[in-house]
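Visitor: The structure that follows is given in the form of C-alpha cells.
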Amino acid sequence: MNLKTLKNIAAVAVLTIAITSCARQVTRINTDSAPDISGNWNVTDSKLVADEMTKSIIGSKWLPTHLDAKAGKKPTVIVGLVQNKSHEHIDAETFVKDVEQSFIQSGTVRLVQGGKKREELRAEKADQQDNATVSTMKKFGLENGADYILQGSINSIVDSHKRNKVVYYQVNLELTDIQTNEVVWIGDKKITKAVKN
C-alpha cells in the first residue's frame, strides 16, 4: 500500500468515528417519569395540575349543591378556553385534554364537547341530513346542554440572575354556572422550578 492509500483509509476511519460519536441516540421512557430537562412546562406538569385541580373541583361544595337541586342528576360540564399567558409556548389543548380525561375518570360529571370539535360534530350532523339513511341519521336539537363551563389561564413569572433562574407557574381555573353566570368554584395550582445552568 502506498502512502496516499494509507492516508485515505485513516481519513475514512477518523470520519467514521466522528460521525458515530456524534450520532443522536433516542431512548423511549415512561411518560409518568419523564425527566425535566429544560425546566419548562412539560407533560408531567400538565398531568399533575390537571389531576389535582380536577380533584379540587369535584371535591368542592358546588357539586353536592347541584346534586341536591337536581335530584342526583350529574352536572354536565364543558371545558372552555384555557389561555396561555406564560412566557413560553405551552400547548393549552394538551392541558385541556388532561382535565377532560380527569373529569371522565372521576365519573362524577358528564362532559360535552366544545370549541372546534363541537363544530365538527354539528357539521357531521348537517351532512347526515342529506347523506345518511333516515334510520341512522342523527337529529339536530338533541345535544346535552352544559350546566357549567370551566375556563382559565396558565401564567408564569421568571426570576433569573446569571446562570440561575426560578420559574413560577400558576394555573387559574374557574367553574361557572352557565344559566346564572355565578362562579361556583375558583382555584389555582402553583409549580415552582429552580433551574441551574
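Visitor: Using Cα pairs closer than 8 Å and at least 6 residues apart in sequence, work out the relative contact order for the range 43-132, in percent.
Guide: Contact order relative to length: 33 percent.
Visitor: Additional query: Compactness ratio of the range 88-197: Cα Rg over 2.2 N^0.38 Å, N = residue count?
Guide: 1.54
Visitor: Along the positive direction of the dipole of the range 91-197 (beta-carbon charges: Lys, Arg +1; Asp, Glu -1; about the Cα centre), which of 111, 178, 166 reaches farthest?
Guide: 166
Visitor: Tell me, what is the FRET efficiency for residue 110 and residue 188 to the nearest 0.05, using R0 = 22 angstrom and their Cβ-Cβ distance as r? Intermediate results must be reported in sequence, preceding the final value.
Guide: Details: r = 25 Å, r/R0 = 1.14.
Plugging the Cβ-Cβ distance into 1/(1 + (r/R0)^6) gives 0.30.
Visitor: Let me ask something additional. Calculate, in nm to one decimal, what residue 89 and residue 73 gain on full extension: separation in residues at 0.36 nm each, minus their alpha carbon distance. If you can, show how the numbers build up before the last one.
Guide: Working: separation 16, 0.36 × 16 = 5.76 nm, distance 3.90 nm.
Additional length available on full extension: 1.9 nm.
Visitor: Still on this structure, I have one more. Based on Cα coordinates alone, diagonalise the gyration tensor for the chain, multiply each eigenvalue by 5, take square roots, and list the semi-axes in whole Å, largest first.
Guide: 49, 28, 14
Visitor: Okay, moving on. Which residue fluctuates most in the GNM of the chain (Cα springs below 10 Å): 128, 151, 105?
Guide: 128
Visitor: Separate question: What is the extension gain from residue 140 to residue 165, computed as 0.36 nm multiplied by their sequence separation minus the C-alpha to C-alpha distance, in nm to one decimal?
Guide: Extra length available between residue 140 and residue 165 comes to 3.7 nm.
Visitor: If you don't mind, there's one more thing I want to ask. Highest GNM mean-square fluctuation, the chain, Cα pairs closer than 10 Å: which of 49, 109, 158?
Guide: Looking only at 49, 109, 158, the largest GNM fluctuation is found for 158.
Visitor: If you don't mind, another one. Collect residues whose amide H, placed 1.01 Å from N in the peptide plane, falls under 5 Å from the amide H of residue 76; neighbours closer than 5 in sequence don't count.
Guide: For residue 76, the qualifying residues are 110, 147, 148.
Visitor: If one takes the longest principal axis of the Cα atoms in the chain, at what angle in degrees, from 0 to 90 and to the nearest 10, does the Cα axis of helix 3-22 lie?
Guide: Roughly 20 degrees, rounded to the nearest 10.
Visitor: Seen from all sides and averaged, what is the projected area of the convex hull of the Cα atoms in the range 106-151, in nm²?
Guide: Quarter of the Cα hull surface area: 4.4 nm².
Visitor: By a straight-distance test (C-alpha under 17 Å), which lysines pair with residue 138 as possible cross-link partners, with residues fewer than eight away in the same chain excluded?
Guide: Excluding near neighbours in sequence, the set is 117, 125.
Visitor: Would you list which aspartates and glutamates come within 16 Å of residue 193, measuring only between C-alpha atoms, while excluding same-chain residues fewer than 8 positions from it?
Guide: List returned: 36, 45, 88, 159.
Visitor: Okay, moving on. Counting helices only, and only those DSSP H runs with n ≥ 4, report the 222 nm mean residue ellipticity of the chain as the sum of -39,500 (n - 2.57) divided by its residues, in deg cm²/dmol to the nearest 500.
Guide: For the chain, the value works out to -12500 deg cm²/dmol.
Visitor: Here's another thing I want to ask about it. Counting other Cβ atoms within 10 Å, keep those with at most 14, restrict to DSSP loop, and tell me which trypsin sites (Lys or Arg not before Pro) in the range 162-197 are left.
Guide: 162, 163
Visitor: Looking at the chain only, what percent of DSSP beta bridges run antiparallel? Nearest 5 please.
Guide: Of all bridge pairs located within the chain, approximately 75 percent are antiparallel.
Visitor: Further question: Give a residue-ordered list of calculated ³J(HN,Hα) values for the range 155-165 (Karplus: 6.51 cos²θ - 1.76 cosθ + 1.60, θ = phi - 60°; whole Hz; x for Gly, Pro).
Guide: 10, 8, 9, 10, 10, 9, 8, 6, 9, 10, 8
Visitor: Still on this structure, I have one more. At a threshold of 8 angstrom on Cα-Cα distance, excluding pairs fewer than six apart, so keeping six or more, what relative contact order does the chain reach in percent? Don't skip to the answer; put the middle values down first.
Guide: Working: 253 pairs, mean separation 40.2, N = 197.
Reported as a whole number, the value is 20 percent.
Visitor: What is the dipole size for the range 72-197, taken about its Cα centre, with +1 at each Lys and Arg Cβ and -1 at each Asp and Glu Cβ, in debye to the nearest 20?
Guide: My answer is approximately 560 debye.
Visitor: Please list, or write none, the lysines whose alpha carbon is within less than 21 Å of the alpha carbon of residue 189, excluding same-chain residues fewer than 8 places away.
Guide: The reachable lysines, counting only those whose Cα sits under 21 Å from residue 189, are 47, 55, 61, 85, 97, 165.
Visitor: Sticking with this one: Residue by residue, what Karplus-based ³J(HN,Hα) values in Hz, rounded to whole numbers, does the range 142-149 have, using 6.51, -1.76 and 1.60 with θ = phi - 60° and x for Gly and Pro?
Guide: Here the 3J(HN,Hα) series is 10, 5, 7, x, 6, 8, 9, 10 Hz.
Any read-out appearing in this document is the output of simple, stated calculations on the displayed coordinates, not a laboratory observation. From a predicted model like this one, the values you see are computed outputs, not experimental measurements. No Cβ is skipped: glycine too gets one built from the backbone with ideal geometry, and neighbour counts run over all protein chains shown.
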